1. Say each of residue 172 and residue 100 gets a label point 7 Å from the Cα, pointing the same way as Cα to Cβ; how far apart are those two points in nm?
2. At a temperature of 10 °C and a viscosity of 1.306 mPa s, determine how fast segment 40-116 diffuses translationally according to Stokes-Einstein, using the Kirkwood radius over alpha-carbon pairs as Rh; express D in µm²/s, rounded to the nearest whole number.
3. Would you pull out the residues with amide H under 5 Å of residue 10's amide H, same chain only if 5 or more places away, H placed 1.01 Å from N?
4. Sticking with the crude label model, points 7 Å out along Cα→Cβ, report the distance from residue 257 to residue 36 in nm, one decimal please.
5. What FRET efficiency would be calculated for the residue pair residue 349, residue 284, taking the C-beta separation as r and a Förster radius of 30 Å, to the nearest 0.05?
6. When the Karplus curve 6.51 cos²θ - 1.76 cosθ + 1.60 is applied with θ = phi - 60°, which whole-Hz ³J(HN,Hα) does each residue of segment 289-297 get, with x for Gly and Pro?
7. Remind me, relative contact order of segment 248-328 in percent, using alpha carbon pairs under 8 angstrom and six or more residues apart?
8. Any chance you could get the radius of gyration and Dmax over the Cα atoms of segment 198-258, in Å?
Amino acid sequence: MLFENLKVSRVAVHEVFRRNDDRSIQPPVYANGLELLSADAMGAFRLRMTDALSGQTQSLEMRIVKSGPGSFLETTEKLVGSDDATFLIGSREIATKLAESQMARRIPGGMVIVFDGTFGTASIPFVGVIKAEIQQGFRRSIAGTSAVIEFLNNIFLTPATRLYKIGILAFDDMSKPKPEGRRAFIFDSNISASNREAAATYFYEGFLGCALPSDGPYETMKFFDLTKEFIRGSNLDPEKKRDMVDSLYVFVRDDQDPTFTADQFGSRFLPPDLRDHYADFMNVKKFTPNAVVRDTSQMGNRLRRRRLKFGGDIELSASPEALKTKVQMETIPAEGVDGLSGGWTRIIVRERLTGEQ
């Protein structure tokens, strides 16, 4: 888990608003001091952050593309190791930057939560910001001997509905020239939708100064190769292995979500008793637990044709669709041959022979 041992030191909460009818900025409401959260409240806050950022479908590491004067990176870097007064002032600057980045009137207002702390065994410092939309709800309480239902008009960060976005800047090595030695992570429940909202653009690009990672082609190809390696090395029977590889082709090539995780594939397609082994395998191979941008641009014909080898010099080549619908394979005993591992393969092709090469 990437954000294990998450410790939150300080929290400041401000409020930003939808732009006025003339698209002018309505000034944010700034906090007068830092929040003093109870142990229960801090535990719930840490749990929300850990669940959101650690290897979930909507969590993604991004490239930092803006690091100069006035950037989010420059502002947050000043807060690392600062005193409380400096942190509060800097958090107000962050709320102002977010209000300025919300250019369209359709973007709702909400609470801006700025927090800092450390994570991991090495206690890596970080500064985070949350844009949390305000919701309505009910609370049941007991007054004397009667139950009272109270309507609440300003709740946020509830676990049932994730109406929030998170940006985290981790400072691994501040001695390096910016943006080296710094990492950016985001969370948004819409990040895996086939059409990401414009709001994601204002938050990640305009506000945080980040962009989608450029290594999508490499990570997609790495995921494909590692997963196929795991399936082939598993103890599944040959027919089940072929089904799993078929699913892998469909998952990488045809799924419409722009991002994916290895955990998604495992939970959707692998038998339950293999899922933990698969997760351990991908971890050992150092495949990222975060979401990867789906990009098959460097995979060439690998997703259009499948080649199956039999022995040393026999191959069968077909598209994944044809292999699934028009080719039937089964393992049969090797007649007259003692001790042949795996037997022979019977192949039935539901097409007539039309040529040869």
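1. 3.0 nm
2. Numbers: Rh = 14.8 Å.
Result for D is 107 µm²/s.
3. 116
4. About 4.3 nm separates the two model spin labels.
5. On the way: r = 39 Å, r/R0 = 1.29.
Calculated value: 0.20.
6. Working through the residues one at a time gives x, 7, 5, 10, 5, 6, 8, 9, 5 Hz.
7. Numbers: 53 pairs, mean separation 22.8, N = 81.
Here the relative contact order equals 28 percent.
8. 16.8, 51
No lab work stands behind these numbers, since they all come straight from the coordinates. Being a predicted model, the structure only gives us computed values, none of them experimental. As a convention, Cβ positions derive from the backbone with ideal geometry for all residues, glycine included, and neighbour counts pool all protein chains shown.
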